[in-house]
1. Leaving out ligands, DNA and RNA, and with a 1.4 Å probe, what % of the accessible surface on the stretch 132-233 is carbon or sulfur?
2. How long, wide and thick is the stretch 148-307, going by the Cα atoms along their three principal axes, in whole angstroms, largest first?
3. Taking all pairs of distinct Cα atoms, average 1/r, flip it, and tell me the Kirkwood hydrodynamic radius of the chain in Å to one decimal place.
4. Number of Lys-Lys pairs in the stretch 115-264 under 17 Å by Cα, sequence gap 8 or more or different chains?
5. Using the Kirkwood radius over C-alpha pairs as Rh, can you work out the diffusion coefficient of the stretch 27-125 via Stokes-Einstein at 20 °C, viscosity 1.002 mPa s, in µm² per second?
6. State, as an integer percentage, the relative contact order of the chain based on alpha-carbon contacts under 8 Å between residues 6 or more apart.
7. Grab the Cα-Cα distance for N116 and D216, subtract it from 0.36 nm times how many residues apart they are, and report the gain in nm with one decimal.
8. So what is the diffusion coefficient of the stretch 219-295 in µm² per second by Stokes-Einstein at 20 °C and 1.002 mPa s, using a Kirkwood Rh over Cα pairs?
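The values are calculated or read from the model by the stated rules, or taken from the named source; none is laboratory data. Every value quoted in this text rests on a predicted model; they were computed, and no experiment measured them. Counting neighbours? That spans all protein chains shown, and the Cβs are built from the backbone with ideal geometry, glycine included. The protein model used for the area step is the full one, side chains on, heavy atoms only, and it has no ligands, DNA or RNA in it. Shrake-Rupley method; radii C 1.70, N 1.55, O 1.52, S 1.80 Å.
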Amino acid sequence: MPFTIGLDYGTNSARALVVDCGSGRELGTAVVEYPSGDQGILLDPSNHHLARQNPADYLHALEEATVAALAAAKEADRAFRPEDVVGIGMDGTGSSPIPVDAGNQPVGVQERFADNLNAQCWLWKDHTSIPEAAAITAKARKLRPQYLAKIGGTYSSEWFWAKIWHCLKTDPEVFAAAHSWVELSDFIPSVLAGVTDPADIVRGVCMAGHKALYADEWGGLPDQEFLATLDPQLAALRDRLYHKAHDASVSSGRLCGEWSGKLGLPAGIPIAIGEMDVHYGAIGCGVDEGTLVKVIGTSTCDCAVVS
């Protein structure tokens, strides 16, 4: 009997769930709190807008929660075997971009940046980029109104480009050390797949489209000419990010040998593409034309589908 594992990365903890593919029965669950900071969040007493997270906490939770959920599944049903797990997937908060080096390692794990909050994951609710978001909105309204038409008319300080631009303006050393930036929901699947080059990460369109102004109709991410009007270094970064983002019908890779050993799961099982927590949650709740899904967590989201 086939089983799958789902991982949900929230604001304060990560959760793992083992599910029977045939019946939908939940067989084992586990919750692991992020050990760093205040309830898992790295704060700055001098700046109430700042909210970061330690990327090492994500890997800690990945291993601990998965192993514990598998143990719980075995306890619930002695016939359960980890070898029967046929796939694994995750969702995460967004926009929560992580600066990474050319080897897809978070910059924050480097000794020289270990205590630098700008080198960590910029958690979704970090609002330090308010001026940058306003500037992006104003520039897009003048030069690329189609960008704003996709996102409700206003770019947010919680989103991808505003955060990266704020890092460039306030901590150019961290910006220079970052070969690329990876959303949390893309990072965990890439780790499971053993990806060692950010260019090889299979990125999810869910996060790319809403948070990074990605759309196939204009060639992917915002064009370099537009980004150069913000800062030429953002334009130069574009080619080190990604050129194509994919929907949930595409796999982000297969479980690599290293993480197969850590988790006790079969090597080579498919990994679902990473997406935003609320969007996968809406799909799980049956969102469709005529069906509204309300997701209530650290924030509240209403999800609907239009033709």
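1. Solvent-exposed carbon and sulfur of the stretch 132-233 make up 51 percent of the total.
2. 44, 44, 31 Å, listed from the longest principal axis down.
3. By the Kirkwood definition, the hydrodynamic radius is 19.9 Å.
4. Lysine pairs meeting the criterion: 9.
5. Translational diffusion coefficient: 139 µm²/s.
6. 17 percent
7. Full-extension gain reported as 32.5 nm.
8. Diffusion coefficient, whole number: 133 µm²/s.
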